[in-house]
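The values are calculated or read from the model by the stated rules, or taken from the named source; none is laboratory data. What you are looking at is a predicted structure, and each value in this text was computed from that prediction instead of being measured. Positions of Cβ are generated from backbone atoms using ideal geometry, with glycine treated the same way; all protein chains shown enter the neighbour counts.
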Amino acid sequence: MSAIPPVLLDYIEGLKTHDVERIAGTVADDLAFIAATRTLSKPQFLSMLRALYGGFPDWHYEYQGVEVRPDCYAVKWRQGGTHTGVWNLPGMAPIAPTGKSVRIPEHYFFYKVRADKIVEIHPEPIPGGAPRGILQQIGVEAPPL
């Protein structure tokens, strides 16, 4: 691995602009989003993003750059927003706006790219990470995720 693949930079821009269709074009059909307690498919991952942006219209991402690792690319994200919309997190009842601000602890997301598509996204499992950390910060008891 050497250069940062353009598809990863396009994905990052999609996140920053909340463009879920753009993000969909950067990830493989067999995407695995590997969270701490479960793995999401491409449709589940995209649904999660749509719900996040609906519940937190000002959700924002900050990062310093992409790190090239021997077997993946790593981005240390800082992210957060204010819960001003209904959050329709898949698998849960809709959560009415609380007006509470959320800040997810800074942590790495690891990306694997094959054939110009992101095939795996693996957030570093940390206390307070999303989505459980978001639920905790807005005062909602989280089911096992």
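Numbers below:
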read-out	value
HIS83 in contact with an Asp or Glu (Cβ under 7 Å, 6 or more places away or on another chain), in contact (Cβ under 8 Å) with a residue 24 or more places away in the chain, surrounded by 15 or more Cβ atoms within 10 Å (Cβ to Cβ) and not charged (D, E, K, R)	no
Qualifying residue in region 10-27 (condition: in contact with an Asp or Glu (Cβ under 6 Å, 6 or more places away or on another chain) and not hydrophobic (A, V, I, L, M, F, W, C))	yes
Positions within region 95-105 being without any contact (Cβ under 8 Å) to a residue 40 or more places away in the chain and farther than 11 Å from VAL140 by Cβ, in sequence order	GLY99, SER101, ARG103, ILE104, PRO105
Within region 34-65, tally of residues that are of a type in the set (Lys, Arg) and under 18 Å from PRO97 (Cβ atoms)	1
Matching option when the condition is in a strand (DSSP E or B), at pLDDT 95 or above and among the charged types (D, E, K, R), among ASP10, ASP29	ASP29
Single unsatisfied condition, ALA32 versus (1) among the aliphatic types (A, V, I, L, M); (2) farther than 24 Å from ALA115 by Cβ; (3) surrounded by 15 or more Cβ atoms within 10 Å (Cβ to Cβ)	(2)
LEU52 more than 30 Å from PRO5 (Cβ to Cβ), under 18 Å from the mean Cα position of the chain (by Cα) and among the hydrophobic types (A, V, I, L, M, F, W, C)	no
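Matching residues to (1) closer than 27 Å to GLY25 by Cα; (2) surrounded by 13 or more Cβ atoms within 10 Å (Cβ to Cβ); (3) among the hydrophobic types (A, V, I, L, M, F, W, C); (4) in contact with a Pro (Cβ under 7 Å, 6 or more places away or on another chain):
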| site | (1), (2), (3), (4) |
| --- | --- |
| THR98 | no, yes, no, no |
| ARG114 | yes, no, no, no |
| GLU120 | yes, yes, no, no |
| PRO125 | yes, no, no, no |
| GLU141 | no, no, no, no |
